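Q: Pasting a structure here, questions to come.
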Amino acid sequence: MTDILNRDTITTTNILDLNIITPMYIPWDTPKLPKYKEAKVGKWAISRTPSKKWTCGYFLVKEYQPKGYVIKYDNQNVWMSLTAMEIESHMPHLDAAHGNVVVMGLGMGFALYNIISKPTVTKVTVVEQNPDIVSILEKSANFKTWPGYHKVNLVIGDALKYTPEPNEEVDFLFADIWPHMGDDNALSDTQQMQTNIKAKKVGYWTQEWDYVEYCRKDKFSFSKSNDIETYREFAKINNLPLIEQDNPCYPDLCFAAITLQLAGGEKDPIKKHMLMDRYARFQQSALVKACQSFG
């Protein structure tokens, strides 16, 4: 986690044209993007996406989203894209990667690109089920030439069945095998992977949805839901050594992320305004805790 004074702690006006002013904060470095070109392999295709003004990231509202790339199956089903939402939702996991890492799912290689560039990462095993994904990423990004690729062990196989070598210790497991955030199977799938791998730390894509649902089901108060001890309880109950258990801002950021996604999809202007008011509250709470933690 980086120093708060070096982060994008900014004030944004007129969020989603709703005249809401709030500071926005995230404690992780902005990832780098590899270079791609359009490509096609079988029914898989990587193509360009247009730029956008005023869009929802995952943790932040973005005034501008540049052109990017998307990978689709059969020209309609989006598997992954390099939108602000996708990039920001990976940030805590990229920050946590260190030592011997296992990555479940190659996707567009964005996570791999950032993980192998870290000096603190010594080895990365990538488990990808579909050989066509490997082929299209080679064709689009020539990913085997990326700096740090010598650390990579690429395995074609099932993420739910993969096990490391005997006596091999894994420092960090990152799972991203689902096409949609908040997938109903994400938590149970990750538990199965961790049973096989026994990593010291675990993160899975958009795990924030499961934490928010855990708090909602038990009808926790605002203060309890946004307490780091509650997040630690969630990790313990699910037998997962989840990342961010020492970050007091993280529970607030979980709620900010999910509230922002709901607001982005809301058509009713009154409900959208209510959700963005709530988002601002979570962001402000996260920023206060960040300032307190840095003295």
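Q: Would you be able to say whether some residue in region 202-211 is outside any loop (DSSP other than H, G, I, E, B), touching a helix residue (DSSP H, G or I) at 6+ places or on another chain (Cβ under 6 Å), free of Cβ contacts under 8 Å to residues at least 24 places away in the same chain and more than 30 Å from E165 (Cβ to Cβ)?
A: Looking for residues that are outside any loop (DSSP other than H, G, I, E, B), touching a helix residue (DSSP H, G or I) at 6+ places or on another chain (Cβ under 6 Å), free of Cβ contacts under 8 Å to residues at least 24 places away in the same chain and more than 30 Å from E165 (Cβ to Cβ), one finds none in region 202-211, hence no.
Q: Further, regarding this structure: Specify the residue that is nearest to L82 (Cα to Cα); the eligible residues are those in region 140-153 that are of a type outside the set (A, V, I, L, M) and touching a residue at least 12 places away in the same chain (Cβ under 8 Å).
A: S140
Q: A follow-up question, please. For region 57-92, name all the residues that are part of a strand (DSSP E or B) and of a type in the set (F, W, Y).
A: Result: Y64, Y69, Y73, W79.
Q: Select from region 246-265 the residues that are of a type outside the set (G, A, S), within 14 Å of K289 (Cβ to Cβ) and surrounded by 16 or more Cβ atoms within 10 Å (Cβ to Cβ) and list them in ascending order. It would help to see each step written out before you state the result.
A: Residues of region 246-265 that are of a type outside the set (G, A, S), as a first pass: 246-255, 258-262.
With the extra rule that they be within 14 Å of K289 (Cβ to Cβ), the set shrinks to 246-255.
Once the filter is applied, which keeps residues that are of a type outside the set (G, A, S), within 14 Å of K289 (Cβ to Cβ) and surrounded by 16 or more Cβ atoms within 10 Å (Cβ to Cβ), region 246-265 yields N247, P248, C249, Y250, P251, D252, L253, C254, F255.
Q: Among the residues of region 154-198, count how many are touching a residue at least 24 places away in the same chain (Cβ under 8 Å), surrounded by fewer than 18 Cβ atoms within 10 Å (Cβ to Cβ) and charged (D, E, K, R).
A: 5
Q: Let me ask another. Are any residues in region 266-281 surrounded by fewer than 16 Cβ atoms within 10 Å (Cβ to Cβ) and either among the β-branched types (V, I, T) or in a loop (DSSP other than H, G, I, E, B) (or both), and if so, which ones?
A: Those that are surrounded by fewer than 16 Cβ atoms within 10 Å (Cβ to Cβ) and either among the β-branched types (V, I, T) or in a loop (DSSP other than H, G, I, E, B) (or both): K267, D268, I270.
Q: Restricting to region 35-56, and then to whatever is over 11 Å from G68 (Cα atoms) and under 21 Å from the mean Cα position of the chain (by Cα), can you tell me which residue is surrounded by the most Cβ atoms within 10 Å (Cβ to Cβ)?
A: C56
Q: Sticking with this one: Condition (residue is part of a helix (DSSP H, G or I), buried (at least 16 other Cβ atoms within 10 Å of the Cβ) and in contact (Cβ under 8 Å) with a residue 60 or more places away in the chain) applied to region 228-236: is it met by at least one residue?
A: no
Q: Additional query: Could you please give the count of residues in region 56-80 that are more than 17 Å from Q283 (Cα to Cα) and out of contact with any Phe, Trp or Tyr (no Cβ under 7 Å at 6 or more places or on another chain)?
A: Final tally of qualifying residues: 12.
Q: Name the residue that is surrounded by the fewest Cβ atoms within 10 Å (Cβ to Cβ), counting only residues in region 212-223 that are part of a helix (DSSP H, G or I) and at pLDDT below 90. Break it down into steps so the answer makes sense when it comes.
A: Start the filter on region 212-223 by keeping residues that are part of a helix (DSSP H, G or I), which leaves 212-217, 222-223.
Right, trim to at pLDDT below 90 and you get 222-223.
Working: F222: 14, S223: 9.
For region 212-223, the residue satisfying everything is S223.
Q: From the list M108, M181, M91, pick out the single residue that is modelled with pLDDT under 95 and touching a Ser or Thr at 6+ places or on another chain (Cβ under 9 Å). First the steps, then the outcome.
A: Details: M108 fails: modelled with pLDDT under 95; M91 fails: modelled with pLDDT under 95.
Residue meeting the stated conditions: M181.
Q: Among the candidates L187, L173, which residue alone is farther than 19 Å from I115 by Cβ and either in contact with a His (Cβ under 7 Å, 6 or more places away or on another chain) or modelled with pLDDT of 95 or more (or both)?
A: Going through L187, L173 in turn, just one is farther than 19 Å from I115 by Cβ and either in contact with a His (Cβ under 7 Å, 6 or more places away or on another chain) or modelled with pLDDT of 95 or more (or both): L187.
The values are calculated or read from the model by the stated rules, or taken from the named source; none is laboratory data. Note that the structure is a prediction, hence the values are computed from the model and not measured. Methodologically, a virtual Cβ is constructed for each residue, glycine included, from the backbone with ideal geometry; neighbour enumeration extends over all protein chains shown.
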